[in-house]
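J.: Pasting a structure here, questions to come.
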């Protein structure tokens, strides 16, 4: 098992760390059966990969044996950010039958945090996600880890996230403020809930908190928190 060094160029502030801990706690209180969570967004640049990784890190920080899966086999933001080579065995190698699960799970320099990178970018990732190896993989990691966080491509662009969500315990959506319309957000939400009815909620990212009432009107979500918060039409966080 090759160890991967994950070093942030810009660390989180204490306030940001506390927000991720709050998000982690809220997910924990949705039920112990929600162990494998797919996270998607409407559009690129919504901050989905950052939130997915930091959520996984928050689970690991709390002592949970956590696996982060980079499932964007088209153009991984996470791989670019951490300079992870496509030659490193990852999800595409596993789903194409070139590697087994043990070969693609890598330890990291973060205690309790493990990683399956995207691997070599595929010309047809949707087809890879559609084979039976994906279901067997999720069943196996569900048994081996306390939590599994899967960073998926934006569902507003490609269908991959819905394919993954079908096999997960639950899903969440990241929505950057002022980038997607209510109609676009509802379309992604409907696709997720069709794939898997267990939708945990929406994290509204990149918020000017002084504009909270505007976003509540625009998206139909509510806001709480003095500095940053989570908007959700279903009351989870």
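J.: Answer yes if at least one residue in the range 114-129 is farther than 23 Å from residue 158 by Cβ, in contact (Cβ under 8 Å) with a residue 40 or more places away in the chain and surrounded by 20 or more Cβ atoms within 10 Å (Cβ to Cβ), and no otherwise. Full working, then the answer.
T.: Initial filter on the range 114-129 (farther than 23 Å from residue 158 by Cβ): 114.
Filter once more, so that each one left must be in contact (Cβ under 8 Å) with a residue 40 or more places away in the chain: 114.
Subset that is surrounded by 20 or more Cβ atoms within 10 Å (Cβ to Cβ): 114.
Checking the range 114-129: at least one residue is farther than 23 Å from residue 158 by Cβ, in contact (Cβ under 8 Å) with a residue 40 or more places away in the chain and surrounded by 20 or more Cβ atoms within 10 Å (Cβ to Cβ).
J.: Moving on. Do we have any residue at all in the range 73-81 that's at pLDDT below 95, touching a strand residue (DSSP E or B) at 6+ places or on another chain (Cβ under 7 Å), assigned to a loop (DSSP other than H, G, I, E, B) and buried (at least 21 other Cβ atoms within 10 Å of the Cβ)?
T.: yes
J.: Residue 59: touching a helix residue (DSSP H, G or I) at 6+ places or on another chain (Cβ under 9 Å), buried (at least 16 other Cβ atoms within 10 Å of the Cβ) and part of a strand (DSSP E or B), yes or no? Outline the logic, then answer.
T.: Numbers: touching a helix residue (DSSP H, G or I) at 6+ places or on another chain (Cβ under 9 Å): yes; buried (at least 16 other Cβ atoms within 10 Å of the Cβ): yes; part of a strand (DSSP E or B): no.
Answer is no for this residue.
J.: Another question, if that's okay. Need pairs with beta-carbon distance below 6 Å; first residue surrounded by fewer than 21 Cβ atoms within 10 Å (Cβ to Cβ) and within the range 92-103, second outside any helix (DSSP H, G or I); sequence gap 6+ or separate chains.
T.: Filtered contacts from the range 92-103: 99/89; 103/89.
J.: Right, something else. So residue 46 fits all but one of (1) within 22 Å of residue 141 (Cβ to Cβ); (2) touching a strand residue (DSSP E or B) at 6+ places or on another chain (Cβ under 9 Å); what number is the exception?
T.: So the condition that residue 46 fails would be (1).
J.: Does residue 189 satisfy being part of a strand (DSSP E or B), modelled with pLDDT of 70 or more, under 17 Å from the mean Cα position of the chain (by Cα) and over 12 Å from residue 48 (Cβ atoms)?
T.: no
J.: In addition: So which residues in the range 159-176 are crowded, with 16+ Cβ neighbours inside 10 Å, in a loop (DSSP other than H, G, I, E, B) and out of contact with any strand residue (DSSP E or B) (no Cβ under 6 Å at 6 or more places or on another chain), if there are any at all?
T.: The answer is 166, 167.
J.: Based on this model, can you work out whether residue 67 counts as surrounded by 14 or more Cβ atoms within 10 Å (Cβ to Cβ), at pLDDT 95 or above, more than 19 Å from residue 51 (Cβ to Cβ) and touching a helix residue (DSSP H, G or I) at 6+ places or on another chain (Cβ under 6 Å)?
T.: Criteria not met by residue 67.
The values are calculated or read from the model by the stated rules, or taken from the named source; none is laboratory data. Treat the numbers as computed from the prediction; the structure is a model and nothing was measured. Quick reminder, even Gly has a Cβ in these numbers, built from the backbone with ideal geometry, and neighbours come from all protein chains shown.
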